[in-house]
1. From (1) over 30 Å from residue A:171 (Cα atoms); (2) touching a residue at least 24 places away in the same chain (Cβ under 8 Å); (3) surrounded by fewer than 21 Cβ atoms within 10 Å (Cβ to Cβ), pick out the condition that doesn't hold for residue B:132.
2. Go over the candidates A:205, A:248 one by one and state the one that is modelled with pLDDT under 95 and either in a helix (DSSP H, G or I) or over 26 Å from residue A:123 (Cβ atoms) (or both).
3. Would you kindly identify the helices (runs of 4 or more DSSP H) lying entirely within the stretch B:25-102 that contain at least 2 residues that are modelled with pLDDT of 90 or more?
4. Looking at the stretch A:237-246, can you tell me whether even one residue there is touching a strand residue (DSSP E or B) at 6+ places or on another chain (Cβ under 9 Å), surrounded by fewer than 19 Cβ atoms within 10 Å (Cβ to Cβ) and either touching a residue at least 12 places away in the same chain (Cβ under 8 Å) or at positive phi (or both)?
5. Let me spell it out: the conditions are (1) closer than 24 Å to residue B:179 by Cα; (2) touching a residue at least 40 places away in the same chain (Cβ under 8 Å); (3) at the interface with chain B (Cβ under 7 Å from one of its Cβ atoms); (4) crowded, with 23+ Cβ neighbours inside 10 Å, and residue A:170 meets all of them except one. Which number is the exception?
6. How many residues does the stretch A:187-197 hold that are surrounded by fewer than 23 Cβ atoms within 10 Å (Cβ to Cβ) and either touching a strand residue (DSSP E or B) at 6+ places or on another chain (Cβ under 7 Å) or within 29 Å of residue B:123 (Cα to Cα) (or both)?
7. For residue A:155, all conditions in the list (1) under 23 Å from the mean Cα position of the chain (by Cα); (2) in a strand (DSSP E or B) hold save one; what is the number of the exception?
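The values are calculated or read from the model by the stated rules, or taken from the named source; none is laboratory data. Predicted, not measured: the structure shown is a model, and the values here were computed from it. FYI the Cβ positions are ideal-geometry reconstructions off the backbone, even for glycines, and counts take in every protein chain you see.
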């Protein structure tokens with residue numbers, strides 16, 4: 001049915017892609033000849049299932065939960081056992097609270113409320129050298145993003161009378177709200193880089209997406225930052241799957 | 001005025017887009033002018049062959065879609081979550097059905113995104129009995145045309161190795177300028193912890 005020799009658009013029909021361990025219980029659901037090497041021992045710990053899961057299994061949250069002879073199985077939750085007892089990521093989180101050399105008090109806040117001033121965002125993009133975009137489109141893109149995570153710096157003067165709130169980082173994720181999410185536009189003010197804030201931003205955003213049961217979190221990374229994301233648990237070209245971009249004809 | 005085009009990927013430090021990437025992002029003509037060039041099998045021919053083209057989920061039978069997923073080796077999805085995903089595929093959604101069986105998809109593709117800058121195409125499937133006759137190409141071309149009409153030209157997808165050659169003639173390039181598709185995987189963190 002799905003032979004490699006024929007030039008077909010057929011995903012996942014080849015043995016090597018099924019590195020998971022589930023059993024095909026009812027062959028009637030599949031055309032003969034389409035193999036799925038799947039064996040699952042029910043008593044295997046959830047943790048080990050995750051350790052051996054392949055790329056497509058990582059989006060297993062989408063799969064049928066009631067086990068009526070389906071081809072693939074899904075664990076009860078996309079969160080790892082250890083993470084299940086975790087507190088949900090709150091809308092606002094204090095990341096740092098410190099005194100600067102001139103006596104001002106600075107707080108770094110992580111926020112998921114998503115209200116971003118597009119002018120502040122444009123200033124931030126200017127600082128890192130990203131090309132400007134029409135502000136109205138930026139506003140629409142933020143509105144259509146499933147999650148927008150921001151980093152703010154709130155500085156209080158020593159007298160305590162002045163308070164300044166500044167946008168110093170942002171990341172956003174688009175999603176179909178069920179299976180997949182893609183992270184775009186991760187940005188941190190250059191003067192705040194190198195302190196682990198970008199890492200915290202992406203980690204918290206990822207965690208928030210997992211808590212909303214999005215099993216597949218993806219992104220496209222410039223070659224220079226591939227290692228940054230590797231350290232955060234992202235894998236490049238999982239199972240040889242490549243990111244492709246459309247381009248205008250020359 | 002040209003639509004603004006930029007390949008945005010998560011970047012920490014400021015980078016000027018390399019010259020080689022600029023040709024992917026600088027339009028030479030407005031998208032609508034080019035869109036009409038890129039449909040290989042026109043609607044009329046699909047119709048003559050007995051296929052209907054659909055752009056919304058109105059008549060789509062989710063369990064029939066699940067059947068197609070299963071037949072190509074994709075995991076079956078929970079119907080409620082599938083409906084949720086389909087209602088939020090705000091980028092684009094195109095599927096073909098036999099005119100004689102209008103609720104059953106034979107080819108399908110959907111795209112998610114923010115509606116102005118970026119889109120990612122997911123779940124491109126063709127029923128195995130209908131493969132090899134250009135239906136996959138037909139849905140993909142229409143998804144791309146639909147996205148471009150909305151002004152979105154940053155269209156991405158994740159391709160398994162054996163279908164990379166399917167996407168190339170449609171205008172997709174793997175890892176342009178070293179940009180890598182990456183996916184979050186909990187087991188990578190497990191490995192690191194050891």
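1. Exception for residue B:132: condition (2).
2. Values: A:205 fails: modelled with pLDDT under 95.
On inspection, the qualifying residue turns out to be A:248.
3. Values: elements: B:31-35, B:43-48, B:62-71, B:79-87.
Qualifying helices (runs of 4 or more DSSP H): B:43-48, B:62-71, B:79-87.
4. First, the residues of the stretch A:237-246 that are touching a strand residue (DSSP E or B) at 6+ places or on another chain (Cβ under 9 Å): A:237-238, A:241-246.
Then drop every residue that is not surrounded by fewer than 19 Cβ atoms within 10 Å (Cβ to Cβ), which leaves A:237.
Still in the list and also either touching a residue at least 12 places away in the same chain (Cβ under 8 Å) or at positive phi (or both): A:237.
Yes, there is a match, as at least one residue in the stretch A:237-246 is touching a strand residue (DSSP E or B) at 6+ places or on another chain (Cβ under 9 Å), surrounded by fewer than 19 Cβ atoms within 10 Å (Cβ to Cβ) and either touching a residue at least 12 places away in the same chain (Cβ under 8 Å) or at positive phi (or both).
5. (3)
6. In the first step, residues of the stretch A:187-197 are kept if they are surrounded by fewer than 23 Cβ atoms within 10 Å (Cβ to Cβ); the result is A:189-197.
From what's left, either touching a strand residue (DSSP E or B) at 6+ places or on another chain (Cβ under 7 Å) or within 29 Å of residue B:123 (Cα to Cα) (or both): A:189, A:192, A:197.
Total meeting the criteria: 3.
7. So the condition that residue A:155 fails would be (1).
Let's see how each residue does on (1) more than 30 Å from residue B:110 (Cα to Cα); (2) within 10 Å of chain B (Cβ to nearest Cβ); (3) surrounded by fewer than 15 Cβ atoms within 10 Å (Cβ to Cβ):
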| site | (1), (2), (3) |
| --- | --- |
| A:125 | yes, yes, no |
| A:157 | yes, no, yes |
| A:161 | yes, no, yes |
| A:165 | yes, no, yes |
| A:174 | no, yes, no |
| A:182 | no, yes, no |
| A:185 | no, yes, no |
